[in-house]
Amino acid sequence: MNLGDLHKVWESKALKRKPGEEEAKKILEKIAKQVQPIWRVKLLSEFCPNNPALLGLNVGASIHVKLRLRRPNWDWDFYPFNQVLDTMLHELCHNAHGPHNANFYKLWDEFRKVHFHFFR
């Protein structure tokens, strides 16, 4: 195994029942490249939960990370890339800190400093 494989997204999947599947796949692939140095993720997928406030979900410490890419009830209205990336960083923080506590937010801020110039 290549050591680079330890920190990568192994697979990504967009929702097939939604229009813009190719655009969604490109967003997921771009997110995967951005977070590659941080943590290994077995499956990164798009999801569309019933709760409109839910933007991401980390299942089994990054066995499967699910991200909302589109605004609720607007299939062609994708969230801005940086917002989706920020959600991904948030979900990765759950690997180290389960609850939303001071340590969680400190790590999230550190990830943001690396990935977003406007947080510096």
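Results, tabulated for the structure shown:
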| item | result |
| --- | --- |
| Pair Lys113, His100: separation of 7 Å Cα→Cβ label points (nm) | 2.3 |
| Accessible area of Asp86 in the full protein assembly, 1.4 Å probe (Å², nearest 10) | 30 |
| Relative contact order of the chain, pairs being alpha-carbon contacts under 8 Å that are 6 or more residues apart, as % | 20 |
| Degrees separating the helix 81-93 axis from the principal Cα axis of the chain, which is the longest one | 50 |
| Chymotrypsin sites (Phe, Trp or Tyr not before Pro) restricted to segment 44-102 and DSSP loop, no more than 13 other C-beta within 10 Å | Trp74, Trp76 |
| q = 0.14, 0.21, 0.22 Å⁻¹: log10 I(q)/I(0) that the Debye formula gives for segment 3-118, counting C-alpha atoms only | -0.54, -1.21, -1.31 |
| Degrees separating the helix 21-35 axis from the principal Cα axis of the chain, which is the longest one | 0 |
| Carbon plus sulfur fraction of accessible area for the chain, probe 1.4 Å, in percent | 54 |
| Length gained when the stretch Leu43-Asn82 is fully extended (0.36 nm per residue, less Cα-Cα span) | 12.0 nm |
| Heavy-atom accessible area per residue - segment 3-118, 1.4 Å, Å² | 58 |
| With Cα atoms, 0 to 90° folded angle of helix 102-115 axis to the chain main axis | 70 |
| Label-point separation, Glu22 to Asn51 (7 Å along Cα→Cβ), nm | 3.5 |
| Segments 53-65, 96-108 sorted - mean Cβ within 10 Å per residue, highest first | 53-65, 96-108 |
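The values are calculated or read from the model by the stated rules, or taken from the named source; none is laboratory data. A quick note: this is a predicted structure, and the numbers were derived from the prediction, not measured. We place every Cβ from the backbone using ideal geometry, glycine too, and count neighbours over all the protein chains shown. What goes into the accessible areas is simple: the full protein's heavy atoms, side chains included, and nothing from ligands, DNA or RNA. Shrake-Rupley method; radii C 1.70, N 1.55, O 1.52, S 1.80 Å.
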